[in-house]
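The values are calculated or read from the model by the stated rules, or taken from the named source; none is laboratory data. Quantities reported herein were computed from a predicted structural model and do not represent experimental measurements. Cβ placement follows ideal geometry from the backbone for every residue including glycine, while neighbour counts extend to all protein chains displayed.
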Amino acid sequence: MAKRFAMTSLNGPGFVELAAGPRYPARMHPSIGQLWASYRAVNADAPVEPPAAFHFCDNRQDADLCLALVLMGAKRATASSLAELRLAGVPTPQPGEFSIVTDWAGEARAIIRTCSVEITRFSEVDEEFARAEGEGDGTLAWWREAHRAYYERVLAGSGHLVDDDLEIACERFKLVFPL
């Protein structure tokens with residue numbers, strides 16, 4: 001499952017867990033600034049300050065797998081529920097924004113740029129978007145099963161219902177660094 005939020009959060013040494021559940025960095029991993037500086041060295045038009053950094057998913061295995069899929073070019077989309085974004089105080093991604101993708105341990109490994117974001121209901125996510133996520137067997141059935149389980153985990157105890165009406169930010173992105 002790949003999304004942002006539980007994926008937007010960093011975990012591991014130097015990171016803290018807040019009472020509400022999501023994890024936020026207590027301090028920025030040095031690799032984040034280093035990767036951003038390397039990108040800016042070849043793209044002087046990029047903003048001076050590093051963008052938000054996150055890892056995908058809510059567990060090491062999936063987070064590191066999704067990062068590998070991004071680096072291979074197989075993963076070009078991610079899906080966060082609006083509920084999880086709101087709970088974390090994270091704004092909905094916007095086209096043109098950069099993000100730094102880390103591995104589970106917080107090491108910066110990739111820079112992506114959001115191409116588009118479509119807000120849709122869980123039941124309206126289509127097969128083409130499921131393929132763009134690049135996970136599992138690429139089918140909509142796999143996407144729905146894996147993502148429903150993910151949303152149930154990250155929204156547990158929040159009062160948000162995980163059903164066909166759950167609003168999803170379907171984000172498409174491109175890998176901009178390293179290429």
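If only residues of the stretch 132-155 that are part of a loop (DSSP other than H, G, I, E, B) and over 19 Å from the mean Cα position of the chain (by Cα) are counted, the one that is surrounded by the fewest Cβ atoms within 10 Å (Cβ to Cβ) is D137. When the stretch 50-68 is filtered for residues that are out of contact with any strand residue (DSSP E or B) (no Cβ under 9 Å at 6 or more places or on another chain) and either in a loop (DSSP other than H, G, I, E, B) or within 14 Å of R172 (Cα to Cα) (or both), the ones remaining, listed by number, are C57, D58, N59. Any idea which residue in the stretch 88-131 is farthest from W36 (Cα to Cα), counting only those that are assigned to a loop (DSSP other than H, G, I, E, B) and in contact with a Pro (Cβ under 9 Å, 6 or more places away or on another chain)? Filtering the stretch 88-131 for residues that are assigned to a loop (DSSP other than H, G, I, E, B) and in contact with a Pro (Cβ under 9 Å, 6 or more places away or on another chain), the one farthest from W36 (Cα to Cα) comes out as G89. Of everything listed in (1) in a loop (DSSP other than H, G, I, E, B); (2) touching a residue at least 12 places away in the same chain (Cβ under 8 Å), the single unmet condition for L85 is (1). Considering only the stretch 149-179, state which residues are free of Cβ contacts under 8 Å to residues at least 60 places away in the same chain and closer than 24 Å to A110 by Cβ. If the condition is that a residue be free of Cβ contacts under 8 Å to residues at least 60 places away in the same chain and closer than 24 Å to A110 by Cβ, then L179 is the only one that fits.
Among residues of the stretch 98-109 that are closer than 18 Å to R76 by Cα, none has a Cβ under 6 angstrom from a residue that is of a type in the set (F, W, Y) and buried (at least 21 other Cβ atoms within 10 Å of the Cβ) at a sequence gap of 6+ or on a separate chain.
Considering the conditions (1) at pLDDT 95 or above; (2) closer than 22 Å to A132 by Cα; (3) in contact with a strand residue (DSSP E or B) (Cβ under 7 Å, 6 or more places away or on another chain), K75 is excluded by exactly one of them, (3). Name the residue that is nearest to L166 (Cα to Cα), counting only residues in the stretch 58-106 that are of a type in the set (S, T, Y) and buried (at least 20 other Cβ atoms within 10 Å of the Cβ). In this case the residue turns out to be S81. When each of A46, A20 is tested for being touching a Lys or Arg at 6+ places or on another chain (Cβ under 6 Å), assigned to a loop (DSSP other than H, G, I, E, B) and either of a type outside the set (S, T, Y) or at pLDDT 50 or above (or both), the lone residue that passes is A46.
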